[in-house]
Amino acid sequence: MRIVGGRWAGRDLASPRDWRVRPTAELVRAELMDALADDLPGARVADLFAGTGALGLEALSRGAWRCDFVETRPESLRALKRNVARLGARDRVRVFPHDALPWAARCAPDQYDLAFLDPPYGSRMLDRVLDTWRATGFARVLAAEHAADHPLPPGARRLAWPHGAVTVYRRDDA
């Protein structure tokens with residue numbers, strides 16, 4: 001696994017040896033970042049259910065200003081911290097070892113320009129964070145990765161692949 005575009009393009013990322021971790025594929029990240037290209041420069045980003053941090057680090061590589069990563073699994077946290085160190089991004093990153101659900105509920109309106117959600121497929125955590133986002137508006141743009149058959153309300157844009165999809169929500173359209 002590696003960073004696909006931007007200043008760190010081609011740099012390798014560590015991944016934990018945990019079957020429960022499903023890092024966002026390079027193709028998916030590339031297409032998603034291209035779709036969000038106008039939102040990335042100078043953005044304040046949150047990467048919830050961060051895992052290895054691939055989404056947030058890709059955003060930083062492509063011009064985002066800062067990224068807050070939220071992750072609970074110890075192996076994923078170790079990989080995430082290794083990746084941040086490898087890229088020399090410590091001054092642009094905060095890592096929160098918390099559960100993403102209550103963490104998102106505590107966010108202030110407009111705290112982030114962009115938030116990534118990539119909870120375990122098949123869980124309802126995505127729906128719960130999406131409800132929180134609709135209630136609080138903690139990010140202007142929310143990009144939610146999910147199983148292709150996970151029913152979600154329509155968003156501003158949907159990108160789909162054989163096994164998964166990303167639905168992009170914009171607060172102005174919600």
Residue check, PRO102 surrounded by fewer than 20 Cβ atoms within 10 Å (Cβ to Cβ) and either among the hydrophobic types (A, V, I, L, M, F, W, C) or in a helix (DSSP H, G or I) (or both):
yes
Output yes when any residue across the stretch 17-33 is within 23 Å of PHE96 (Cα to Cα), modelled with pLDDT of 90 or more, out of contact with any Asp or Glu (no Cβ under 6 Å at 6 or more places or on another chain) and small (Gly, Ala, Ser), and no when none is.
no
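Suppose we keep only residues that are among the hydroxyl-bearing types (Ser, Thr, Tyr) and assigned to a loop (DSSP other than H, G, I, E, B) within the stretch 112-131. Which one would you say is nearest to HIS163 (Cα to Cα)? Show your work before the answer.
Taking the stretch 112-131 as the starting set, the residues that turn out to be among the hydroxyl-bearing types (Ser, Thr, Tyr) are 112, 121, 123.
If we keep only those that are assigned to a loop (DSSP other than H, G, I, E, B) too, we end up with 121, 123.
Values: TYR121: 10, SER123: 15 Å.
Across the stretch 112-131, the extreme among qualifying residues is TYR121.
Here are some residues: ALA108, ALA85, ALA46, ALA79. Which one is under 20 Å from ASP172 (Cα atoms) and either not aliphatic (A, V, I, L, M) or not in a loop (DSSP other than H, G, I, E, B) (or both)?
ALA46
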Does ALA89 fit the bill of being free of Cβ contacts under 8 Å to residues at least 40 places away in the same chain and within 19 Å of ILE3 (Cβ to Cβ)?
yes
Identify the residue in the stretch 52-76 that is open to solvent by 10 Å² or more (accessible area, probe 1.4 Å) and in a loop (DSSP other than H, G, I, E, B) and, among all such residues, is nearest to GLY5 (Cα to Cα).
ARG62
Might you let me know whether the stretch 110-118 holds any residue that is farther than 16 Å from ALA35 by Cβ, without any contact (Cβ under 8 Å) to a residue 40 or more places away in the chain and either of a type in the set (A, V, I, L, M) or surrounded by 22 or more Cβ atoms within 10 Å (Cβ to Cβ) (or both)?
no
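Before we move on, is LEU142 modelled with pLDDT under 95 and not polar (S, T, N, Q)?
Spelling it out, it is not the case that LEU142 is modelled with pLDDT under 95 and not polar (S, T, N, Q).
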For the stretch 129-147, check the following and say yes or no: at least one residue is open to solvent by 20 Å² or more (accessible area, probe 1.4 Å) and closer than 20 Å to THR24 by Cβ.
no
Filtering the stretch 47-86 for residues that are out of contact with any His (no Cβ under 9 Å at 6 or more places or on another chain) and within 15 Å of THR24 (Cβ to Cβ) leaves a count of 22
Subset tally (residues that are without any contact (Cβ under 8 Å) to a residue 24 or more places away in the chain and part of a loop (DSSP other than H, G, I, E, B)) for the stretch 132-158:
7
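The values are calculated or read from the model by the stated rules, or taken from the named source; none is laboratory data. As the structure is a prediction and not an experimental result, all values here were calculated from the model. Note that each Cβ is placed from the backbone with ideal geometry, even for glycine, and that neighbours are counted across all protein chains shown. These area figures cover heavy atoms from the full protein model, side chains too; ligands, DNA and RNA do not enter into them. Shrake-Rupley method; radii C 1.70, N 1.55, O 1.52, S 1.80 Å.
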